[in-house]
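K.L.:
This is the structure, below, for whatever I ask next.
Bear in mind that the values in this text are calculations on the coordinates, not laboratory data. Just so it is clear, the structure is predicted and the values come from calculations on it, not from any experiment. With ideal geometry, Cβ positions are generated from the backbone for all residues, glycine too; neighbour counts draw on all protein chains shown.
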């Protein structure tokens with residue numbers, strides 16, 4: 001994923017130098033320059049492909065940014081942006097857009113026009129919802145929306161059929177829309193630190209999922225269907241309200257790390273012991289598990305590092 005490296009392209013670190021031959025500038029790096037405004041001189045660089053302007057004090061992006069028609073990567077994270085211009089949707093060649101650590105409250109609907117976008121990073125803002133138009137990003141592989149104010153995903157998220165990584169931890173999400181069942185290429189799902197009360201039955205449709213983090217929610221129910229995730233390697237569910245495990249959990253032969261600490265588990269199904277051959281890390285501390293069951297589990301998993309306290 002990402003843009004092709006411009007191996008022969010010179011990196012320019014100041015605008016004055018870049019403007020000497022503006023047509024030759026493909027990469028401009030102005031991070032940590034104490035900039036209070038977006039330098040409009042950048043708009044005179046017609047062949048600019050990569051703009052790194054992160055960690056400044058920029059408060060807005062000019063509407064004229066659409067002039068940078070060849071731009072493939074824009075990193076303007078760590079600034080003071082409160083909104084994005086609608087014209088950002090006209091950057092047709094944009095593949096990577098990094099907007100983390102700003103003061104954004106919403107994303108313009110025009111974002112859906114960025115058909116070539118493969119990664120968008122929106123973490124650590126104040127975003128309350130994503131526009132339905134985000135579902136038009138058919139080439140998106142990575143969506144990072146963690147540490148915001150989201151209460152739900154738009155139904156259109158299910159249209160992101162090339163999505164591989166979804167990071168949405170530390171929001172206020174209460175449920176996952178059924179449309180997410182269409183995310184067949186998803187390998188990593190991070191939904192920890194939200195307000196989920198259950199894991200949806202459709203989780204079994206995410207056949208390529210290898211890492212699932214849903215700790216620090218209010219989950220009381222793990223569906224039996226989760227045992228159909230034959231590629232799942234990490235299942236991290238600590239600090240929830242889980243009292244029972246799926247009866248067929250032993251079918252999860254790829255599982256290498258299982259964290260169920262700080263829950264209400266007092267027993268495990270018989271098939272649980274079938275995980276002994278593959279499980280490398282098991283965390284069951286801070287559960288009401290009897291001493292006798294602890295001993296049985298410890299003896300049955302000789303090659304597993306088990307945490308009891």
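K.L.:
Quick check on the chain: helices-only [θ] at 222 nm, where DSSP H runs of length 4 and up contribute -39,500 (n - 2.57) each and the sum goes over total residues. Nearest 500, please.
P.N.:
-1000 deg cm²/dmol
K.L.:
Give the separation of the Cα centroids, region 212-238 to region 49-128, in Å.
P.N.:
Measuring centre to centre over Cα atoms gives 33 Å.
K.L.:
Can you give the direction-averaged projected area of the convex hull of the alpha-carbon atoms in region 1-155, in nm²?
P.N.:
Convex hull of Cα atoms, orientation-averaged projection: 8.2 nm².
K.L.:
Would you mind calculating the relative contact order of region 199-309 from Cα pairs under 8 angstrom and at least 6 residues apart, reporting the percent as a whole number?
P.N.:
Contact order relative to length: 21 percent.
K.L.:
Treat each spin label as a single point 7 Å out from the Cα along the C-beta direction, and report the residue 149 to residue 59 distance in nm.
P.N.:
With each label point 7 Å from Cα toward Cβ, the separation is 1.9 nm.
K.L.:
Using the Kirkwood radius over C-alpha pairs as Rh, can you work out the diffusion coefficient of region 120-171 via Stokes-Einstein at 25 °C, viscosity 0.890 mPa s, in µm² per second? Write down the numbers at each step before the final one.
P.N.:
Values: Rh = 11.0 Å.
For these conditions, the coefficient is 224 µm²/s.
K.L.:
Calculate, for residue 138 and residue 308, the FRET efficiency according to 1/(1 + (r/R0)^6) with r their C-beta to C-beta distance and R0 41 Å; round to the nearest 0.05.
P.N.:
With a Förster radius of 41 Å, E is 0.30.
K.L.:
Using a Förster radius of 51 Å, what is the FRET efficiency between residue 266 and residue 126 based on their Cβ-Cβ separation? Nearest 0.05, please.
P.N.:
Step by step, r from the Cβ atoms, then E = 0.80.
K.L.:
Which percent of Cα-Cα pairs in region 130-199 sits in each 10 Å bin, short to long?
P.N.:
22, 60, 18, 0
K.L.:
To continue, here is another question. With the chain treated as a Gaussian network of Cα nodes joined by springs under 10 Å, which of 33, 195, 263 yields the largest mean-square fluctuation?
P.N.:
Most flexible of the set in this elastic network: 33.
K.L.:
Rg(Cα) of region 166-239 divided by 2.2 N^0.38 Å?
P.N.:
0.98
K.L.:
Could you tell me whether region 199-309 comes out rounded, prolate or oblate from its Cα gyration tensor? Rule is a ≥ b ≥ c as square roots of the eigenvalues, rounded for a/c under 1.5, then prolate if a/b exceeds b/c, otherwise oblate.
P.N.:
It comes out oblate by the Cα gyration axes.
K.L.:
A further question on this structure: Using alpha-carbon pairs under 8 Å, 6+ residues apart, how would you state the relative contact order of the chain in percent? Walk me through the numbers on the way to the answer.
P.N.:
Numbers: 852 pairs, mean separation 23.3, N = 309.
This gives 8 percent for the chain.
K.L.:
A further question on this structure: Quick one: angle between helix 291-300 and the longest Cα principal axis of the chain, in degrees between 0 and 90, rounded to 10, please.
P.N.:
That works out to roughly 70 degrees.
K.L.:
Which residues does a label at residue 290 reach in region 240-271, if reach means a backbone N under 19 Å from a point 7 Å past the Cα toward the Cβ?
P.N.:
Output list for this probe position: 243-245, 264-271.
K.L.:
Using 1/(1 + (r/R0)^6) with R0 = 45 angstrom and r between the beta carbons of residue 92 and residue 278, what's the FRET efficiency to the nearest 0.05?
P.N.:
For residue 92 and residue 278, the calculated efficiency is 0.45.
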